[in-house]
Amino acid sequence: MKLTRGKQTFTIRKKGKDGIYVRYIRLIPTDIFPVVQPAAGGKIILTPENCLISHAQAKDLGKFNVLSHFSSVTWDIKTKKGGTYTVTTDYAIAAPASTLLKIGYSANGNQEEFTFLGTGGWTKFTKYSPGAITLPPGKCTLTVKGITSGAETKSIMLVPEA
């Protein structure tokens, strides 16, 4: 973790018998989450363990829930060449199976929307490839945002197109 330099300080002092009390923290983290890089074969695997979650939930170890239009999940990604990647999401949506979910994928502000069908329940996961996104070469930020409803998601895999 990197912390911004300056005169900001924090104080930790003991309070009572049961623990500590943090009085004041002004150190600002500037780099907390790892930059995700392609694995062998160029695949990029995005999981709850390597993302920043905003107004969503990370629960049940290894899943996250994009609840609604105000929740999002963000990854920093670094590729050498960039390019077009097929998106495959391992997800579950509540019954009935006709439930629709729109998820917006945004790479540095370039927005793509994909529609997902319901899977028949929150524990019925399926892998689905709704389309492709284009990533620029170098470092970029990929944000996934719920547009209509929520979904449990185990992972998102980006596979380079040939």
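The values are calculated or read from the model by the stated rules, or taken from the named source; none is laboratory data. Treat the numbers as computed from the prediction; the structure is a model and nothing was measured. FYI the Cβ positions are ideal-geometry reconstructions off the backbone, even for glycines, and counts take in every protein chain you see.
Glu49 meets each of the listed conditions (1) modelled with pLDDT of 65 or more; (2) surrounded by 14 or more Cβ atoms within 10 Å (Cβ to Cβ) apart from (2). Does Ala107 meet the test of being modelled with pLDDT under 80 and farther than 19 Å from Leu158 by Cβ? It is false that Ala107 is modelled with pLDDT under 80 and farther than 19 Å from Leu158 by Cβ.
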